[in-house]
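Step one of this worksheet: look at the structure below.
The values are calculated or read from the model by the stated rules, or taken from the named source; none is laboratory data. These figures come from a predicted structure and were not determined experimentally. Cβ: placed from backbone, ideal geometry, glycine included. Neighbour counts: every protein chain shown. Just the protein is used for accessible areas: all its heavy atoms, side chains included, with ligands, DNA and RNA removed. Shrake-Rupley method; radii C 1.70, N 1.55, O 1.52, S 1.80 Å.
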Amino acid sequence: MTDVDTMATRLAGIRQRIAQACQRAGRAPDSVTLLPVSKTFEVDAIREAMALGLTRFGENKTQELRQKAAALAGQGLHWVLIGHLQTNKAKDAARDATELQSLDRLDLAEALHRRLLNEGRTLDVLVQVKTSTEPSKYGMAPDQVAGFLRRIVADFPTLRVQGLMTMAVNSPEPQEVRGCFRALRELRDQLRQADIAGVSLERLSMGMSGDFELAIEEGSTEVRIGTALFGARSYPDPQ
Ligand SMILES: *Cc1c(COP(=O)(O)O)cnc(C)c1O
């Protein structure tokens, strides 16, 4: 292999860094899943990633997801919504997404459930939790999550809770970033004590291109990687 910067070499580098972070944390390397985040990148880039064996992709806008899913239909891909979802987009999400990692409020849960009943399907979800004080970050307040999970189990059975998701603070201080990841893991541990029947808390989706190794050291089971895999985004992402 040469040193040429290709998606294949970037993917190998990311996998190696995941494995090293797992080793530092005393974790098995296969305990962390990579979610490639293809938002803003062209269908051709997704094809290139598919040729490397990737089949699950993260998107943050339902319209963009719809276009890409249509262009790549019939190829067994799984589409994961990771961005803030407006309630009026619940119909699109219920139709096109395999999974939603940004469930952060009751009215969205209600709208999704109604649409999922129409579609006759269930949806795997992660509850997005706000672990930083940055006003620009979405997510449910940690102390609201237990009650929210009970409501989902009681009233919205089409939503299958698999765990929690967070975005860490944007900070040059690794300790601050780490604190967000640790807060999510501690919340998960507390919620396990509450023993809420009908939800799984196995998955912790945390860590992005700039901070995934810290997230793995704090217990992440899934890292969401965009730019480190696909390259720099040509237009800014508001999130
Ligand atoms: C864009 C995005 C990512 C990936 O960010 P990178 O820094 O490009 O790796 C991960 N999670 C969410 C919620 C995002 O919106």
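To keep it simple, each residue is scored yes or no on (1) part of a helix (DSSP H, G or I); (2) open to solvent by 20 Å² or more (accessible area, probe 1.4 Å); (3) within 26 Å of residue 112 (Cα to Cα); (4) away from the ligand (no atom under 16 Å from the Cβ).
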{"site": "170", "(1), (2), (3), (4)": "no, yes, no, no"}
{"site": "175", "(1), (2), (3), (4)": "yes, yes, no, yes"}
{"site": "186", "(1), (2), (3), (4)": "yes, yes, no, yes"}
{"site": "215", "(1), (2), (3), (4)": "yes, no, no, no"}
{"site": "224", "(1), (2), (3), (4)": "no, no, yes, no"}
{"site": "232", "(1), (2), (3), (4)": "no, yes, no, no"}
**Report entry** region 69-128, residues that are on the phi < 0 side of the Ramachandran plot, of a type in the set (Gly, Ala, Ser) and free of Cβ contacts under 8 Å to residues at least 40 places away in the same chain
**Finding:** 69, 70, 71, 73, 90, 93, 94, 97, 111
Requested in this report: Taking the residues in region 86-103 that are open to solvent by less than 20 Å² (accessible area, probe 1.4 Å) and within 16 Å of the ligand (Cβ to nearest atom) as candidates, determine which candidate is nearest to residue 144 (Cα to Cα).
Outcome: 103
Report task. Pick out the one residue from 209, 220 that is surrounded by fewer than 16 Cβ atoms within 10 Å (Cβ to Cβ), of a type in the set (Ser, Thr, Tyr) and modelled with pLDDT of 95 or more. Result -> 209
Report task. Scan region 25-38 and report the pairs whose first residue is open to solvent by 40 Å² or more (accessible area, probe 1.4 Å) and whose second residue is acidic (Asp, Glu) and not in a helix (DSSP H, G or I), with Cβ atoms within less than 7 Å and a gap of 6+ or a chain change. Result -> 33/222
Query - Residues of region 50-64 that turn out to be over 16 Å from residue 230 (Cβ atoms) and open to solvent by less than 70 Å² (accessible area, probe 1.4 Å), as a count - result: 1
